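Reading through the structure tokens given below for one structure.
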Amino acid sequence: MELIDYAGIATIIRGLWINTSVYPWVVMYSLLEQAEEIPPDAFIVDIVAALRNDHTIDEDIAAKIFREAYTAWKFEIAPGGVEAAVKTETMRKQPSCVVVKNNDEIKAFYWIDRNLDSVGKRMKEKNASLLEEKLPHASIMNYVPGVNAAHRAEVVKNKIALVTGGAQGFGKEIVQSLAESGALVFIADLNKEGAEKLAKTINTAYKRTAAIPLEVDVSNEGSVQRLFESVVETAGGLDICISNAGVVKAGSVLEQNLDDFKFVTDVNYTGFFLVAKHAALLFRRQHRTAPAWKTDIIQINSKSGLEGSNKNSAYSGGKFGSLGLVASFALELVEYNIKVNAVCPGNFFDGPLWSDPEQGLFVQYLKTGKVPGAKQIADVKAYYEAKIPMKRGCTGVDVMWAIYYIIEQAYETGQAVPVTGGQVMLH
Ligand SMILES: NC(=O)c1ccc[n+]([C@@H]2O[C@H](COP(=O)([O-])OP(=O)(O)OC[C@H]3O[C@@H](n4cnc5c(N)ncnc54)[C@H](O)[C@@H]3O)[C@@H](O)[C@H]2O)c1
């Protein structure tokens with residue numbers, strides 16, 4: 001009986017490659033089903049020394065074995081007897097195939113390359129040639145900020161990101177921007193069809209695998225756990241986790257029933273806890289071999305996390321509470337170089353939550369007479385826009401600027417960045 005988590009080993013391997021090149025990689029793996037020859041140039045590691053009595057693996061020891069074997073491989077002779085890789089100032093040859101053995105028996109192959117398409121090709125062709133790519137001139141970690149958003153986008157290029165609630169609204173805007181900036185994005189949503197449709201549109205537009213749909217219910221721990229397992233099975237790891245999925249059920253504290261209160265809290269508050277927990281477990285694993293690599297958990301919070309929202313207490317309470325989680329997670333996870341921050345957007349009037357012609361808040365507010373004297377949707381919209389010093393609603397681009405800032409800023413954690421056009425100011 002063998003209980004070794006071979007997918008988890010992909011994350012340890014990914015960390016090692018990131019650590020030595022300060023650049024993101026994708027790792028795919030296959031378990032050995034039939035006898036397979038070890039390709040020349042493969043990097044061979046035996047993990048037997050990391051096995052516990054119960055047939056599980058001690059990841060700290062496994063990471064140590066990988067680190068030591070890699071150092072030997074790079075600068076001396078590979079454990080499998082392969083010649084040393086060449087190391088020069090600008091060029092490093094990295095192994096692109098790792099063979100994992102257990103007690104001398106081959107168990108799994110891991111393939112490494114820049115993106116999902118090239119790593120898939122390598123795996124299919126069993127191409128284990130050394131990676132000769134020139135290292136990026138300036139590493140992403142020492143990136144000098146540019147003057148516009150296009151420069152900013154560099155901070156996510158080739159990184160692997162996950163966006164919950166990514167099928168529509170703010171989530172969709174975030175997914176599209178990340179893909180446009182060169183990231184590989186997992187679209188994790190309860191709405192499977194919506195996520196699939198968006199991924200298809202993006203991949204067709206960019207002629208590469210830039211987006212992958214995955215179904216999840218963020219309020220269900222089993223579902224969230226499976227989500228992160230799928231990410232690791234597909235790409236070997238993760239760099240950015242954006243917890244965006246959220247729901248609204250407005251209601252007076254005097255009238256709202258417990259089920260509605262719980263529904264909102266389960267998704268917005270507990271859902272954030274679950275997503276952050278499983279992202280952090282994955283990031284910690286990667287950290288074992290990539291200690292200098294910074295990873296990000298970002299919650300899309302709300303201006304209602306910074307000030308109360310009349311007759312919308314379940315929503316506002318969950319958002320306020322989430323900022324407590326952000327700050328507390330940040331304190332704990334700093335040890336693993338995981339930053340935890342939030343973005344607090346103002347109202348996204350052009351998104352479906354407000355503008356959906358049947359269920360949107362504008363229609364609802366018009367019907368219920370929430371805005372005195374409003375005769376049409378435009379009146380309701382004008383009423384809300386007038387509350388904002390900058391006289392317009394928040395957009396996906398506004399939120400993206402904050403996300404790029406958070407990722408780029410290496411010296412900040414536990415913060416909430418308001419993006420409200422001046423509607424919510426310093427307290
Ligand atoms: N729209 C706004 O004006 C506004 C303002 C500030 C903050 N926000 C926040 O931005 C985030 C996105 O809001 P939006 O307006 O884009 O919402 P939206 O309703 O347009 O989209 C939410 C997405 O989340 C998905 N989702 C819902 N429940 C889920 C669950 N249990 N598991 C996984 N996915 C689930 C939905 O299928 C949908 O694709 C939310 O956290 C919200 O609180 C929105």
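Numbers below:
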{"read-out": "Local electrostatic count, ALA410, Cβ distance below 11 Å [Lys/Arg +1, Asp/Glu -1]", "value": "-1"}
{"read-out": "Proximal charge balance of VAL48 [Cβ under 13 Å; K/R count +1, D/E count -1]", "value": "-2"}
{"read-out": "For the chain, calculated [θ]222 nm from helices alone, where every DSSP H run of n ≥ 4 adds -39500 (n - 2.57)", "value": "-12500 deg cm²/dmol"}
{"read-out": "Sorted peptide list for 391-397, 8-14, criterion being average Cβ within 10 angstrom, highest first", "value": "8-14, 391-397"}
{"read-out": "Cβ-based net charge around ILE4, under 13 Å, with every Lys or Arg adding one and every Asp or Glu removing one", "value": "-4"}
{"read-out": "Spatially proximal aspartates and glutamates relative to LYS303 (Cα-Cα < 18 Å; intrachain offsets below 8 disregarded)", "value": "ASP350, GLU385, ASP398"}
{"read-out": "Cα-based Rg and Dmax for the chain, where Dmax is the largest Cα-Cα distance (Å)", "value": "23.4, 82"}
{"read-out": "Two-site FRET efficiency, LYS262 against ILE106, from Cβ-Cβ distance with R₀ of 45 Å, rounded to 0.05", "value": "0.35"}
{"read-out": "Under 20 Å from the Cα of LYS192 - aspartates and glutamates, other chains or at least 8 residues apart", "value": "GLU173, GLU215, ASP217, GLU221, GLU229, GLU233, ASP266, ASP356"}
{"read-out": "DSSP bridge orientation in the chain - percent antiparallel, rounded to nearest 5", "value": "35"}
{"read-out": "³J(HN,Hα) computed for each position of the stretch 240-245 - Karplus, 6.51 cos²θ - 1.76 cosθ + 1.60, integer Hz, glycine/proline x", "value": "9, 10, 10, 8, 10, 3"}
{"read-out": "Alpha-carbon centroids, the stretch 308-371 and the stretch 214-285: separation in whole Å", "value": "14"}
{"read-out": "For the stretch 353-392: rounded, prolate or oblate by the Cα gyration tensor [a/c cutoff 1.5]", "value": "oblate"}
{"read-out": "Partner aspartates and glutamates for LYS64 [C-alpha distance under 16 Å; skip if fewer than 8 residues away on the same chain]", "value": "ASP46"}
{"read-out": "The stretch 9-39-the stretch 381-401 distance, computed between alpha-carbon centres (Å)", "value": "45"}
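Rule-based calculations on the coordinates, nothing more; no lab input. The structure displayed is predicted, hence computed values, not measured ones. Please note: Cβ atoms are built from the backbone with ideal geometry, for glycine as well, and neighbour counts cover all protein chains shown.
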